[in-house]
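Written below as structure tokens is the structure these notes are about.
The values are calculated or read from the model by the stated rules, or taken from the named source; none is laboratory data. Since the structure is predicted, the reported quantities are computational estimates derived from the model, not experimental observations. Quick reminder, even Gly has a Cβ in these numbers, built from the backbone with ideal geometry, and neighbours come from all protein chains shown.
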Amino acid sequence: MRTVQHFSPAEALYTAAEDHPEGYHGMVVERVRAGEVLSLPAAVWRQLGLGGREPDARTAAMGRAALAEYLELARPVGVQEEIQAEDFAEDFPGEGLNDPGAPLGGIFPRASGLALFAATLGPDVSRRIAERFAAQDFALGAVLDAVASVAADGMVTVLEQRFAERPEAGESGGAAPAVLAYSPGYCGWHVSGQKRLFARLQPAEAGITLRPSCLMEPLKSVSGVLVAGAPEIHRFEDRFSFCEACATHACRARQARLGA
């Protein structure tokens, strides 16, 4: 089944409870819509190198300005299409450049459900970021860029949640599956895998195209495959050769979300 996925800008940005001191729930989205001032998610400040520190008054004001621009300009939308494991098995090898140990190669055959996806914040946010840097407004440009990056990741989290909650998703016994997204360019899945993904998914209806370099246009876009299944299929040790070049080791936090 193929669906167009819609998000509110606030839903994308504030979707992860651990990234916002108030926690994500409907009230957060309603307060944003009402124009009330909210602090940015902690993930934005982490991207900007603040770690767990609170921003000073000037930086916090810049954050509010970036939040206002993001909420004005972002038009999040995506497309998602379920795919059978045998069809994904044809696409996953791509151009033969995947790392032989890419974990996804052993994960997707054990999945109870798979869906390709691509989602974007729309062109206006990326255009405004470029304009800020071109005007040498580097500080606000950097904060807006971080806001958009967190929101792009938030769209993936929303898609994971929605795929887990679809009526046919329950494992035997009625338990909801664990859903994680995997993307070309990460964890041994070569970025050239985008070509086969885009050829099958055809996400142009959501305004997303692929450059010859395999970067997406608009830049603040995400793509990959949603994998549903028992939590244990997603667990692996980050000790592969390609892990040495990884700056975040985000797989650890992703697996921690699955619980014991």
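Here are the numbers for this structure:
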| quantity | calculated |
| --- | --- |
| Close pairs from segment 180-191: first assigned to a loop (DSSP other than H, G, I, E, B), partner charged (D, E, K, R), Cβ under 6 Å, at least 6 apart | GLY188/ASP99 |
| Contacts under 6 angstrom Cβ, first residue in segment 210-222 being closer than 12 Å to VAL191 by Cβ, partner at pLDDT 95 or above and of a type in the set (Asp, Glu), 6 or more apart | ARG211/GLU217 |
| Where ALA115 falls short, out of the listed (1) under 12 Å from the mean Cα position of the chain (by Cα); (2) under 22 Å from GLN255 (Cα atoms) | (1) |
| Failed condition for SER223, given (1) touching a strand residue (DSSP E or B) at 6+ places or on another chain (Cβ under 9 Å); (2) assigned to a loop (DSSP other than H, G, I, E, B); (3) over 19 Å from ARG110 (Cα atoms) | (2) |
| Breaking point among (1) among the hydrophobic types (A, V, I, L, M, F, W, C); (2) in contact (Cβ under 8 Å) with a residue 12 or more places away in the chain; (3) in a helix (DSSP H, G or I); (4) under 30 Å from PRO212 (Cα atoms), for ALA130 | (2) |
| Qualifying position, being at pLDDT below 95 and under 19 Å from ALA74 (Cβ atoms), among THR120, THR157 | THR157 |
| Residues located in segment 192-206, provided they are part of a loop (DSSP other than H, G, I, E, B) and touching a Gly at 6+ places or on another chain (Cβ under 7 Å) | SER192 |
| Residue identified as among the hydroxyl-bearing types (Ser, Thr, Tyr), under 25 Å from ALA74 (Cα atoms), within 17 Å of the chain's Cα centre (by Cα) and modelled with pLDDT of 95 or more among SER221, SER213 | SER221 |
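Residue-by-condition table, conditions (1) surrounded by fewer than 17 Cβ atoms within 10 Å (Cβ to Cβ); (2) under 23 Å from VAL4 (Cβ atoms):
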position	(1), (2)
ASP145	no, no
ALA151	no, yes
SER183	no, yes
ARG200	yes, yes
LYS220	no, yes
ALA230	yes, no
ASP238	yes, no
THR248	yes, no
ARG257	yes, no
